[in-house]
Amino acid sequence: MLTVFQRNAKKYCDGVSRRSFLRIGAMGVAGLTLADLLRLEAEAGVVSSGKALINIFLAGGPSHTDLFDLKPDAPSEFRGEFSPIKTNVSGMEICELMPRLAKMADKFSLIRSITNTYGDHSSVHTQAGYSKDELKQVGGHPSLGSVVSKFDGGRGEAPSFVSLMGEVSPGFLGPIYSPYQPDGKSRSTLSLSRISADRLKDRSKLLAQLDDLKRDIDTSGAMEAMDSFQQRAVEVVTSGRLADALDLEKERPDVRGRYAGPAGRRPDSENLLLARRLIEAGVRVVSTQWGGWDTHSDNFKTLRTQVPSLDCALSGLITDLSERGMLKDVTVVMWGEFGRTPRVNMTAGRDHWPRVMQAFVAGGGMKSGQVIGATDRYGGEAVDRPVHLREVFATLYQNLGIDPKRAQITDPAGRPQYLVDGREAIRELV
Amino acid sequence: MHERQTNMRRRDALVNLLRGRRSLRMAALGLAIAGAVAVRFSTLHAADAPATPKAHVAQDPGPITALDIAAGSTDEATAAGGATAHHAMLRGPDARMQLVVTARYASGEARDRTADVSYSVSPAGIVRVDPSGAVVPLADGTATVNASADGGRRASTTISVESFANPPAVNFPNQIVPIFTKLGCNSGACHGKSGGQNNFRLSLLGFEPAKDYRFLVEESRGRRIFPAAPDQSLLLQKPTAMIAHGGGERMKKDSPEYRMIYRWISQGMPYGKETDPVLASVSVFPTVRRMVDDGSQQILVVAHYSDGSSEDITRSARYDVNDKDLAEVADSGHVKMTGRPGDVAVMVRYQGQVGVFRATVPVGAPVDHLPAAKNVVDEMAFAKFKDLGLPPSEACDDATFLRRVTLDVAGRLPTAAEARAFQADPTAAKRDACIDRLLASGDYADLFAGKWCSVLKNHRERETYQRGDYLFHDWVRQSLLENKPYDQFVRELVTATGDPAQTPAVSWYRQVKEPTEQVEDTAQLFLGVRIGCAKCHHHPFERWSQQDYYGMAAFFSQVGRKEGAASDEFRIYPKRGEAVARNPNGGATVKPTGLGAKAMTLTPDEDPRVALANWMTAPENPFFAKSLVNRYWKHFFGRGIVDPEDDMRETNPPTNPKLLAALAEHFAASHYDLKDLVRTICRSQLYQLSSEPNQYNEKDRQSYSHFYSRRLPAEVMLDAVDQLSDTRTPFKGMPVGGRAVQLPDMGGVDSNFLQVFGRPAGTSACECERNGETSLAQTLLLLNSGDIYDKLSGGCASKLAGVDPKRSDREKIADLYYGAFGRPPTEKEVATAIAYIDRNHEADAKAPEKLAADRKAAYEDLLWALLNTKEFLFNH
């Protein structure tokens, strides 16, 4: 089953493999007293919980004018090889390689005009909303999932933030808010493999007999929190609930089949299924990535294999969430580092284009079936309704029940930081 | 003993429940309720519910002996003298004033009665007073306001109203800008952020009124203001939500704020004359108050201007409380206590000026069994206990002391042998001797080098950093080991010159590259001041301006950097030239200036960093010694005397100022001797208190009346697990047997355990990067990870399982207990453990080959249980 987590070691244009080492992170949960939590919630303006997010990172930066913003009327050196097709939403067209998504365009929206993105191969800005260099002095801006972990305070039955894409920076919140990475050692803690359930029971009984330090010394509530986490850990291990969520063999074959594209099952696509299963098990934010979009050469050839697989997996996820009634609560966002050059280069590729980027958004109770913003006739600049990267983040936070206008976290230098500086949720969506 | 406590708890609970109903005057009803309470309490008691004794026993303060009324003045004497001494003035129709009525009791106590008296005004029609003591003008004239408390005590004051019908010209900085601050318009979340909100920008918290004037009056072709019909101005229509406003309704139409802005517009938007008075300071009444734990206090705030005039600004100021566990404060300046004893400060902010109201909530219990004070720590802490009526817990036992001090000073558990020897040592001074022994050991240097390396950002950003990181760590560790005076340590760091092979301290400049970062880290690390805010705007809670920030930045303006001997190494040198920094707000150049000190004139040949080190380490520097002793205090007590420990400011006062001052003085007098400081802290009775609270101090979280237990830090925890299981975790780049506390830098090893338990990443100068919280990932790791299983099966379990005629299971169990907890097991614990080990004894007797395996498994289980107990995971 570990194959699920093996990512293809994709090379980027700078020759560096971004495949992360199999590092295992902390679960983003922490022991706070109930009073702390209530206060945090009140300060954050948290209105509801139980909302979740799947953040899909198309690593390398997909060509926006070949996926969701085609330019059939542009000169051929811009236009590229693909034609748009109509979707079930009048006036909304997407790439011909995505017939399945075209049939369910009423269930998602497209943002075609994200500006203020960054030009480097980094997942930080689509995890945190800021570049990796901002606030570096105090550790950087935290990822959205780390922020949710902090506000969640570990009340859930599962880690709040799971990464299927290696390390995602907790920023200035510190390592304890790193995402849980269910690969290697860390995954093995979720189920009993080394000892039998009976032996764990015996051990737990012995622990209960011996663990008799007077609890009235626990005036901070930390021991109480530890007790509660110990109980939950035993529950997680004996029930195997989280381990099961990570085991795709436990999924119905026909449902699993939906995610498989022409190339069959691949780790990138199965991670979307995994994300759904983790959220059903109580996780609130799942970050995952799908690589292979850094098409400096042979853009069209690459996309002919990439896009149909993406079409299958993403439409499978949306269908799945919709059938389970989860689209109301679960937001899906999919994007890359940046867009790609409108003009095709000499090697039939497209290069980095941070001036404009697109995002696919669905669920989370947002209004769907819309196209927000527009680019010029070549796809080079946002000409209508430019959307700031952080407006998308404000929307994601709001969908998760965290008020981005009010919630603040004090950074290690003592400065109160808003989660997203002064950006409001996208009014067309919420 | 137990019965006596229970009785006291019962009485306290009754008192508290009854107090909640004290407004009910009818005796019969009172009796009925008392009966009901007694029943309820007995049910509680029968269920043996956790007794949460209310700390404070309300004392009847006796009859009121005097009633004082303060109006328009924060002068204590005026308030006490009432009407005769002061004549309060309301100028203009929108002026407001807050009364504060204080009752003085026979017991000597003073309590706020502002909302608990009845007011009358004569003659009528001049002012109106509402039940909360807020006064508004009605017409020009002079009136006497009377307050009367039940019991007949009265107080009165005279208030005049002038310019009611013909208000004077509005002054924009003094009267309009504060409205934006109070309503939050110019906050960082709204129009105050750089770039503003929806194209309308205000200076953050109104620190730059001239810019605000320009934004409002001149920008956007003046569309924000409509002088011909002021009420049609966007400036009035938006915040009243007459037209859509993203920030919602911020003020009511016809509120005093609304009328003030209206009047300003109708007067033609005057900015104010150059001769108009400017704000000089704010003052607060009262400044200090002892309160009952559910009490409240109205505060009164007055602005003082350059011409000597003053004005009540209670309703215009902003309030924040530094410890929300203790009190909350309303926009009106009304402070309500939450029922927890201790000290709390309410910060009052008004246009860059700050004031503080400090409240103390005593417990009021007898404090009469204090041990003899060992040193300055005890003297100051015990005085606080007496002042608060907060009896401290008993002294901890020897085993607890040994474990605690070994963890805190040496970053490890005591070995079983050490624990046994300490237990057996009959000498009276064995605790002091133990502290000295630990301080002399390399373990002390290891632990504290790790602590310093984290905040000094000794972080392996790239593999090429390793050499510099190791040299830097070695320099820090060596400095601590040989007990280099702290001032010298800081001087060597800040003035580091050369390359890392000769001067390892220069590596700090590799991690802390920008002058702004150097300023901010220096201030936070060595002065306990978080000055980062002042980089871009006036510090919102402090007196620091951008001028102060860039005065500090000038010290780092001449730091030169050349490529070093190896890649990613640098040679640091002082550039020749005049040291100045440029204040981006206005562009003025600023000379090197210590915080709150005079500007320095340095020659081009002087290294300004030397001047900085001289200023910081001078005996009269107000920050240097305090900041360090507070940082170390937090290490040993879990909470700084000022907390967070690196955020010292007037508006975040120490909970025990005398203790902080005395300890800082002691530290400076010792020539900044760090080991002496540790010794002084650890020898104190205070540090050696039990963590078990008594019925009075359970709620105390800031006076150290009992030891505050805390989870072991990541590295110490990993080493402790290794020690208990007799295994070693290998670390890349470390010799065999190296321990986690000895890791030279952050980011150099890849350890899941250390990350999950919150070892800092070394990217911040704040100690807060180390996280002592608990999490599900931690418990999963301890309960069910391969790493732990390997340690349990690969360590001492086999040896323990072997049947040894010279060493019984009982002895082995005792050794484990000494090793894990520093104490012998109780009889019950031995019995439990032996029963567990022998539980398959009979079955195994028939299958001897299974015996060994079962015994090993049983010892593994025992080890597992021990390392998952709170007694193991916490320092208590």
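Some points to look at:
- Within region A:234-247, restricting attention to residues that are surrounded by fewer than 19 Cβ atoms within 10 Å (Cβ to Cβ) and in contact (Cβ under 8 Å) with a residue 40 or more places away in the chain, the residue that is farthest from the other protein chains (Cβ to nearest Cβ) is A:D247.
- Within region B:301-357, if we keep just the residues that are among the charged types (D, E, K, R) and free of Cβ contacts under 8 Å to residues at least 24 places away in the same chain, the residue that is nearest to B:A70 (Cα to Cα) turns out to be B:E328.
- First in region B:658-676 and small (G, A, S), second anywhere and not in a helix (DSSP H, G or I), Cβ under 7 Å, 6 or more apart: B:A668/B:P619
- Of the helices (runs of 4 or more DSSP H) entirely within region B:788-876, those holding at least 1 residues that are within 14 Å of chain A (Cβ to nearest Cβ) occupy B:797-801, B:809-821, B:827-837, B:848-867, B:870-873.
- The C-beta contact set for region B:798-827 (first residue within 24 Å of B:D844 (Cα to Cα), second residue of a type in the set (D, E, K, R), distance under 7 angstrom, 6+ apart or interchain) comprises B:S798/B:K856; B:L800/B:K812; B:A801/B:R855; B:A801/B:K856.
- Residues satisfying the stated conditions in region B:192-202, i.e. touching a residue at least 12 places away in the same chain (Cβ under 8 Å) and either over 21 Å from B:E542 (Cα atoms) or surrounded by fewer than 20 Cβ atoms within 10 Å (Cβ to Cβ) (or both): B:S194, B:G196, B:Q197, B:N198, B:N199, B:F200, B:R201
- Looking only at region A:172-198, and only at residues there that are at the interface with chain B (Cβ under 7 Å from one of its Cβ atoms) and in a helix (DSSP H, G or I), the one that is surrounded by the most Cβ atoms within 10 Å (Cβ to Cβ): A:I176
- Among residues of region A:79-98 that are without any contact (Cβ under 8 Å) to a residue 60 or more places away in the chain and surrounded by 21 or more Cβ atoms within 10 Å (Cβ to Cβ), those with a beta-carbon under 9 Å from a residue that is part of a strand (DSSP E or B) and of a type in the set (D, E) at least six positions away or on a different chain give the pairs A:T87/A:E93.
- Residue list for region A:200-242, filter: small (G, A, S) and assigned to a helix (DSSP H, G or I): A:S204, A:A208, A:A222, A:A225, A:S228, A:A233, A:S239
- Count of region A:199-233 residues which are at the interface with another protein chain (Cβ under 7 Å from one of its Cβ atoms), among the small types (G, A, S) and out of contact with any strand residue (DSSP E or B) (no Cβ under 7 Å at 6 or more places or on another chain): 3
- Helices (runs of 4 or more DSSP H) contained entirely in region A:15-89, each with at least 3 residues that are at pLDDT below 70: A:34-44
- Count of residues meeting criterion [outside any helix (DSSP H, G or I) and under 13 Å from B:N186 (Cβ atoms)] in region B:206-237: 2
- Taking the criterion of being among the aliphatic types (A, V, I, L, M) and either at pLDDT 95 or above or surrounded by fewer than 23 Cβ atoms within 10 Å (Cβ to Cβ) (or both), the residues of region B:532-569 that qualify are B:M552, B:A553, B:A554, B:V559, B:A565, B:A566.
- Yes/no for A:S193 being at negative phi and under 29 Å from the mean Cα position of the chain (by Cα): no
- Residue satisfying condition, being at negative phi, within 14 Å of chain A (Cβ to nearest Cβ) and modelled with pLDDT of 90 or more, within set B:R259, B:R263, B:R250: B:R250
- Restricting region B:516-563 to residues that are farther than 20 Å from B:K451 by Cα and among the hydroxyl-bearing types (S, T, Y), the residue that is nearest to the other protein chains (Cβ to nearest Cβ) is B:T516.
- Qualifying residue in region B:653-674 (condition: surrounded by 19 or more Cβ atoms within 10 Å (Cβ to Cβ), touching a Cys at 6+ places or on another chain (Cβ under 9 Å) and in a loop (DSSP other than H, G, I, E, B)): no
- Just one of the numbered conditions (1) surrounded by fewer than 21 Cβ atoms within 10 Å (Cβ to Cβ); (2) modelled with pLDDT of 90 or more; (3) within 24 Å of the chain's Cα centre (by Cα) is not true of B:I299: (1).
- None of A:D216, A:D202 is farther than 26 Å from B:D750 by Cβ and modelled with pLDDT of 85 or more except A:D202.
- Where A:D376 falls short, out of the listed (1) acidic (D, E); (2) in contact with a Lys or Arg (Cβ under 6 Å, 6 or more places away or on another chain); (3) farther than 30 Å from A:E249 by Cβ: (2)
- Looking only at region B:678-733, and only at residues there that are of a type in the set (D, E) and more than 14 Å from chain A (Cβ to nearest Cβ), the one that is surrounded by the most Cβ atoms within 10 Å (Cβ to Cβ): B:D719
Yes/no matrix, rows are residues, columns are (1) within 14 Å of chain B (Cβ to nearest Cβ); (2) among the basic types (K, R); (3) farther than 22 Å from A:P170 by Cα:
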{"site": "A:M357", "(1), (2), (3)": "no, no, yes"}
{"site": "A:Q370", "(1), (2), (3)": "no, no, yes"}
{"site": "A:D376", "(1), (2), (3)": "no, no, yes"}
{"site": "A:R390", "(1), (2), (3)": "yes, yes, no"}
{"site": "A:T395", "(1), (2), (3)": "no, no, no"}
{"site": "A:G401", "(1), (2), (3)": "no, no, no"}
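- Number of the exception - B:S160 against (1) small (G, A, S); (2) within 14 Å of chain A (Cβ to nearest Cβ); (3) out of contact with any helix residue (DSSP H, G or I) (no Cβ under 7 Å at 6 or more places or on another chain): (2)
- Pick from region A:403-418, criterion under 19 Å from A:G364 (Cα atoms) and in contact (Cβ under 8 Å) with a residue 60 or more places away in the chain, ranking: farthest from the other protein chains (Cβ to nearest Cβ): A:D403
- Positions within region B:766-787 being of a type in the set (A, V, I, L, M) and at the interface with chain A (Cβ under 7 Å from one of its Cβ atoms), in sequence order: B:L776, B:A777, B:L780, B:L781, B:L783
- Within region B:438-457, the set of residues being more than 23 Å from the chain's Cα centre (by Cα) and under 16 Å from B:G748 (Cα atoms) comprises just one member, B:A449.
- Members of region B:753-764 found to be part of a loop (DSSP other than H, G, I, E, B) and more than 7 Å from chain A (Cβ to nearest Cβ), listed by number: B:F757, B:G762
- In summary, B:D750 fulfils each of the numbered conditions (1) surrounded by 18 or more Cβ atoms within 10 Å (Cβ to Cβ); (2) within 14 Å of chain A (Cβ to nearest Cβ) with the single exception of condition (1).
- When B:P735 is tested against (1) part of a loop (DSSP other than H, G, I, E, B); (2) within 18 Å of B:C453 (Cα to Cα); (3) of a type outside the set (F, W, Y), just one condition goes unmet, and that condition is (2).
The values are calculated or read from the model by the stated rules, or taken from the named source; none is laboratory data. These numbers come from a predicted model, not from an experiment. Every residue, glycine as well, gets a Cβ built from its backbone with ideal geometry; the counts of neighbours run over all protein chains shown.
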